[in-house]
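The values are calculated or read from the model by the stated rules, or taken from the named source; none is laboratory data. Model, not experiment: these values are computed from the prediction. Using ideal geometry, Cβ is built from the backbone for each residue, glycine included, and neighbour counts are taken over all protein chains shown.
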Amino acid sequence: MTVNALPRRRSLALAASTAFAAATAWVAPANAWEPTRNVEFIVPAGTGGGADQMARMIQGIIAKHNLMKQTMVVVNKAGGAGGEGFLDIKNSKGNPNKLIITLSNLFTTPLATGIPFSWKDMTPVSMLALDEFVLWVNADSPYKTVQEYIAAVKAAPPGQFKMGGTGSKQEDQIITVAIEKAIGAKITYVPYKGGGEVAVQLVGKHVDSTVNNPIEAVAQWRAGKLRPLCVFDSKTLPVQDKIVGDLSWSSIPTCKSQGLDIEYLMLRGVFMPANVPKEAVAFYVELFKKVRATPEWAQLMTEGAFNQSFMTGADYAAWVENEEKRHRDLMKEAGFLASN
């Protein structure tokens, strides 16, 4: 009999929802550390970009599921290629009510500008995910493949093709220089304040291509305004949810398979100021574990095709140290070091 099937499904759904809420809601043991005032979550980048979107999603998840008593406040401090935000954290030693979400400008900004800052001036909390990069063109452009795009760039006068990207001497420009070296042609790099603006500029045909993160351009792809040509990873993305017609993130070939041998992934991680209590670090590690257990986070990971790597503690610190060395090599090869 099926008379009670629908009420039973509702009961099961309610039970599952209740269990999820119980598992993730804020619960602090007696005498455990917790924030005593609003938590400032700094974004060292412009509004609308991947870091900003992730920070605001985290803010919303924490509020919706009551994951801590205090309010999280997202603050964009993009000045000096994110240096404004990093120096704020550096100068906030011992403040456990302040966090920063980082991208690869954690490495590129001090290397390119010479500002007195290092990731070692902060306390690592957790790697939330790794972000992908995709080569995008306007949907009205004639380029359907990477090879068609490369042929057009090489056939055009040097510098005629414009690549839009976030900031100068950061991830997007590093990839642009790598493309130039791989194909032996000059591309004019045009910097903007954030990935959201970069996507808008490509839709408006003010630039010819971008290497935006998936989350920064998915809305424009879904709207039929942009076209992805390849992903800068060693393997195709695993997300098979349809975005445009029968196309999904997994439909995008790797750049390497299309003859453009370049790979680059970017950190989405969280740090605190130096000299904060260990109990405070442990609180935020657990907080982000709860955030990652929510359905909203799962949706963000799918929507933005993120690599869902997660690290804390010594493993995270070791990974960051290795990435700093890798970026120093990349920046040196591109001629972006402050000493150059």
Output yes when any residue across the range 239-252 is at negative phi, among the small types (Gly, Ala, Ser) and in the same structural domain as Asn66 (by TED's automatic domain parsing), and no when none is. no
Residue check, Arg10 farther than 28 Å from Asp131 by Cα, modelled with pLDDT of 95 or more and surrounded by fewer than 11 Cβ atoms within 10 Å (Cβ to Cβ): no
Within the range 286-333, work out how many residues are touching a Pro at 6+ places or on another chain (Cβ under 7 Å) and part of a helix (DSSP H, G or I). 3
Taking the range 166-184 and keeping only residues that are out of contact with any helix residue (DSSP H, G or I) (no Cβ under 9 Å at 6 or more places or on another chain) and part of a strand (DSSP E or B), one is left with none
Restricting to the range 154-175, what's the tally of residues that are more than 15 Å from Met266 (Cα to Cα), within 20 Å of the chain's Cα centre (by Cα) and among the polar types (S, T, N, Q)? 1
Is it the case that some residue within the range 78-88 is assigned by TED's automatic domain parsing to the domain that holds Gly304, farther than 20 Å from Lys169 by Cβ and under 23 Å from the mean Cα position of the chain (by Cα)? yes
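Per-residue answers, yes or no, for (1) among the small types (Gly, Ala, Ser); (2) surrounded by 15 or more Cβ atoms within 10 Å (Cβ to Cβ); (3) modelled with pLDDT under 95; (4) closer than 24 Å to Thr166 by Cβ:
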{"residue": "Ser251", "(1), (2), (3), (4)": "yes, yes, no, no"}
{"residue": "Val276", "(1), (2), (3), (4)": "no, yes, no, no"}
{"residue": "Tyr284", "(1), (2), (3), (4)": "no, yes, no, no"}
{"residue": "Asn307", "(1), (2), (3), (4)": "no, yes, yes, yes"}
{"residue": "Arg326", "(1), (2), (3), (4)": "no, no, yes, yes"}
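The rows are residues; the columns are (1) assigned to a loop (DSSP other than H, G, I, E, B); (2) modelled with pLDDT of 95 or more; (3) of a type in the set (Phe, Trp, Tyr).
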position	(1), (2), (3)
Glu148	no, yes, no
Gly164	no, yes, no
Lys186	yes, yes, no
Val190	no, yes, no
Ala199	no, yes, no
Gln240	yes, no, no
Is it the case that Thr123 is closer than 23 Å to Ile215 by Cβ and not assigned by TED's automatic domain parsing to the domain that holds Lys205? no
